[in-house]
Structure formats: C-alpha cells, structure tokens
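Colleague: Just passing along the structure, written as structure tokens.
Just so it is clear, none of the values below were taken in a lab; they were calculated from the coordinates. A quick note: this is a predicted structure, and the numbers were derived from the prediction, not measured. Every residue, glycine among them, receives a Cβ derived from its backbone with ideal geometry; neighbour counts consider all protein chains shown.
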Amino acid sequence: MKVAFPYLGYDTIALKKFVELLGAESCLGPPLTARTLSLGTKYSPELICLPFKITLGNFIEALEAGADTLLMAAGARKCRFGYYHYLQENILKKIDNRHCFYAISQYTPYEFFFKKMPQIFGVTPQKVIYATWLLLHYSALIDYFRKLIRLTRAYNFYDAQKKELEALRIIENVSSFKEVQKAKKELRKIFSPIINTSNEIIRIGLVGEIYLMLEPFANYEIEKELGKLGVLVVSKRSLYRHLKHLLKLDLFDLRTISNAYKYLKDSPGGEAIKTVGEAHIFAKKNIDGIIHIYPFTCMPENIAYEALQKLARDYEIPILSISIDEHTSKTGLLTRLEAFVEVVKRKKFKG
Ligand code: SF4
C-alpha cells in the first residue's frame, strides 16, 4: 500500500513515520512547487481557499508518483474545511479512479483508533494507539527543533541554515521514544554554540490559519524570511499542539480561548479563536509586533482580522495582516515584511 497525505512542513517527517509504523509505504509525490499549486487551482472551485488548492495539487502529484491510498483530514467545522474531503474525493475520482480516498475525521478518536485506521491499514487498535503515541513524541521533537531554529535564525541566520540539514537528518533517523530524548540533546548541541546573543533582535508573534502557519510552501517561507531580517518568530502553532488539542491534552487551549474572549466571544470556525487568543497573549507579553497570515477567502480569519484591529489599538502594538492566495507575489510579500520589520524596529529601538 502506497499512502499519501498532504505535506505539512517539517511535520511531514512525523506523519511519514506514523504511516510507516502502521506498515505502509508513504508516497507523497515531489515537494510542493508552483506546478502543485497550478494543478490544484486548475481542478478546484475558483473561490475555494488556498489550502484546498495546494492539498488537491499535492494529491494529484502523489497519484502521478504511484500512491494508491490517499488520507485527508476531515471534520465538521463552521467553515469550508467540513466539506474539503467530499469535494476532493469527487474531483480526484474523475482524474484517477484506481485509488482509495479516506477522510480521517479529527474529532472522533474512538472511530480513529478502533475502526478507521485498523480497517485502512489492517492492524490492531493497539498498534494504532502505539503509533499515535509515538507520533505525538515525534511531533514534539519537531516542535522543539522549530523553536531552536527560529531562535538561531534570529541571531545567526546563515549558520542556522547551514545546520538545518544536519538537524533534519537526526530527526529522520529517530525511531523510538528513547531516541527522541537523545535527539533533543543532539539538536541543542548543534544550535546552542551558534546563537550569538549579542545581536539586537525583535520578537514577532505569528498567528493565523493552521495550514498556512505550518506549511512553508503555502506561507512563502515566512519564518525563514523573518529570521533573515533578524526577527525571532514566536508561534504557538504546531502539529504537536494540534494533536494535543484533538486528544484534549492541551492546557494552553483554555488560556487561548479565555484570552480571545474580550475580542471574539464565539468561534466563527477554523482557528480564528486561536488567532485572536494567541495574539492577545503575545500583546500582554510585550511582543514587539504581530503578523497574521491567512488564505484570502478564509471567512474565520477575516473575522479574526477585525478583532485584531481593535487589539492593535488597545495595546498599541503593530499588527500586519497578510492574506495569501495563488496570485500572491513573493517579492511583494517580502517588501511588506521588510517595511513592517523596519516599523517594529524603529518603535522598539528609537521610540
Ligand atoms: S479555516 Fe479558512 S482556509 Fe481553512 S478551511 Fe476554513 S475557510 Fe478555508
């Protein structure tokens, strides 16, 4: 069985290991490129949000590479995500009808552990539980790596980039819980000596829609670009936290929701409530600025946008909102980032 799921930035490594622990081969197709987006856009409804288009293109390329089983996250939500999988399944059937498409509901753990995954992979529920437990630890390791590399990029961008591949190789070679702990130590050894804390940096909180937050292709490598400008990116989003949220293990969730309340009383869907709650926490922690990224037609994040405008006035904190779609130009985006970083630096160092 050759299994494909959408790429998810660095966390793709953890998801691949999960699939392989369940006895299947992962076959994701080539890395995401302009071709992926153009294929996805060609077959998508025109006004659907960007994550739909990229993940659809991703699946088409995976099928071309020989995948026979496609897994797509699903779940009833107040936004379009609730029907992503119906649409993608129908579109993909017309392109290639030799594969199986499975929608994996995120909000039904019993079905996930005891029915769906055992049925797809032909394994016992115990094996699924064990693989999920390891997935949680792999994703925690990746979360840890992302924090380290963000910190290192802010202080010493070029050396951080040189060490990235070495660090990723360590993560890829991990295959047990014990090795996860060992890998954390090795990662610290790689990055700690090159953090030069004598440089002046600014801290910018990144908030927004989860796919754009996690997939560098979708966000035009915003974290890397900010690191190049001497910015320490602070972000609370990761696959690790998302899994903890789904397993009801994330205490930070409650804090986020209570912090959103002043500006957004009820969830309009997607991650809008998290966007606002995290931005409020950042503002209270005296973060120097906030960047909000979201797909152009994303209804929940457009509502969050309004809430963030009020938050920006209350805390006098600079907030840059960036909506992204297939027409976004990287040059234009970089110009906006550079201008914003300059404003934040002036406010902090000369204000
Ligand atoms: S949160 Fe926004 S981008 Fe994500 S599926 Fe919903 S509408 Fe689309």
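Colleague: Using just the C-alpha positions of the stretch 198-350 as equal point scatterers, what log10 of I(q)/I(0) does the Debye formula give at each q in 0.08, 0.09, 0.20 1/Å?
Modeller: -0.21, -0.26, -1.34
Colleague: Can you pull the Rg over Rh of the stretch 1-146, Cα-only, Kirkwood?
Modeller: Here the Rg-to-Rh quotient is 0.95.
Colleague: Sticking with this structure for a sec: In the structure shown, do any of Lys116/Lys184; Lys236/Lys285; Lys115/Lys244; Lys78/Lys265; Lys162/Lys244; Lys184/Lys285 have a Cα-Cα gap over 23 Å, and if so which?
Modeller: Violating the 23 Å Cα-Cα cut-off are Lys116/Lys184; Lys162/Lys244; Lys184/Lys285.
Colleague: What Kirkwood radius, in Å to one decimal, follows from the Cα pairs of the stretch 118-198?
Modeller: Answer for the stretch 118-198: a Kirkwood hydrodynamic radius of 13.9 Å.
Colleague: When the dipole is taken about the Cα centre of the chain, and only Lys, Arg (+1) and Asp, Glu (-1) are charged at their Cβ, what size is it in debye, to the nearest 20?
Modeller: Using Cβ point charges on Lys, Arg, Asp and Glu, the chain gives about 960 debye.
Colleague: Please report the equivalent ellipsoid semi-axes of the stretch 148-189, computed as sqrt(5 x eigenvalue) of the Cα gyration tensor, largest first, in whole Å.
Modeller: 22, 10, 6
Colleague: What order do you get for 4-11, 315-322, 95-102 when each peptide is scored by the mean count of other beta carbon atoms within 10 Å, highest first?
Modeller: So the peptides 4-11, 315-322, 95-102, ranked by packing, come out 4-11, 315-322, 95-102.
Colleague: Report ³J(HN,Hα) in whole Hz for each residue of the stretch 166-172, in order, from the Karplus equation J = 6.51 cos²θ - 1.76 cosθ + 1.60 where θ = phi - 60°; Gly and Pro get x.
Modeller: Result, rounded to whole Hz: 4, 5, 5, 5, 4, 5, 5.
Colleague: Taking θ = phi - 60°, what integer Hz values does the Karplus form 6.51 cos²θ - 1.76 cosθ + 1.60 yield along the stretch 97-102, in sequence order, with x for Gly and Pro?
Modeller: Computed from phi, the couplings for the stretch 97-102 are 9, 9, 10, 10, 10, 10 Hz.
Colleague: Which of Lys53/Lys310; Lys178/Lys248; Lys16/Lys94; Lys53/Lys93 have a Cα-Cα distance over 22 Å?
Modeller: Where the Cα-Cα span goes over 22 Å, the pairs concerned are Lys53/Lys310; Lys178/Lys248; Lys16/Lys94.
Colleague: Here is a follow-up. Cβ neighbours within 10 Å, averaged per peptide: list 79-92, 113-126 in order, most packed at the top.
Modeller: 79-92, 113-126
Colleague: Tell me what the chain gives for mean residue ellipticity at 222 nm when only DSSP H runs of n ≥ 4 count, each as -39,500 (n - 2.57), the sum divided by the residue total, rounded to 500 deg cm²/dmol.
Modeller: -17500 deg cm²/dmol
Colleague: Using only the Cα atoms of the stretch 148-267, what do you get for the radius of gyration and for Dmax, in Å?
Modeller: Every Cα atom of the stretch 148-267 included, Rg and Dmax give 16.4, 45 Å.
Colleague: Work out from phi, with θ = phi - 60° and the Karplus expression 6.51 cos²θ - 1.76 cosθ + 1.60, the ³J(HN,Hα) of each residue of the stretch 3-13, listed in order in whole Hz, and give x for Gly and Pro.
Modeller: Once rounded to whole Hz, the list reads 9, 10, 9, x, 4, 9, x, 4, 5, 4, 4.
Colleague: Rg and Dmax of the stretch 270-351, using alpha carbons, in Å: what are they?
Modeller: Computed over the Cα atoms of the stretch 270-351, radius of gyration and Dmax are 13.1, 38 Å.
Colleague: Kirkwood Rh, Cα Rg: Rg to Rh for the chain?
Modeller: Ratio of gyration radius to Kirkwood radius: 0.95.
Colleague: Check the straight Cα-Cα distances from Lys284 and name the aspartates and glutamates below 15 Å, setting aside those fewer than 8 residues away within the same chain.
Modeller: Straight-distance partners of Lys284: Asp314, Glu316.
Colleague: Excluding residues on the same chain fewer than 8 positions from Lys274, give the aspartates and glutamates whose Cα lies under 16 Å from its Cα.
Modeller: By straight Cα distance, Lys274 reaches Glu209, Asp250, Asp253, Asp266, Glu301, Glu306.
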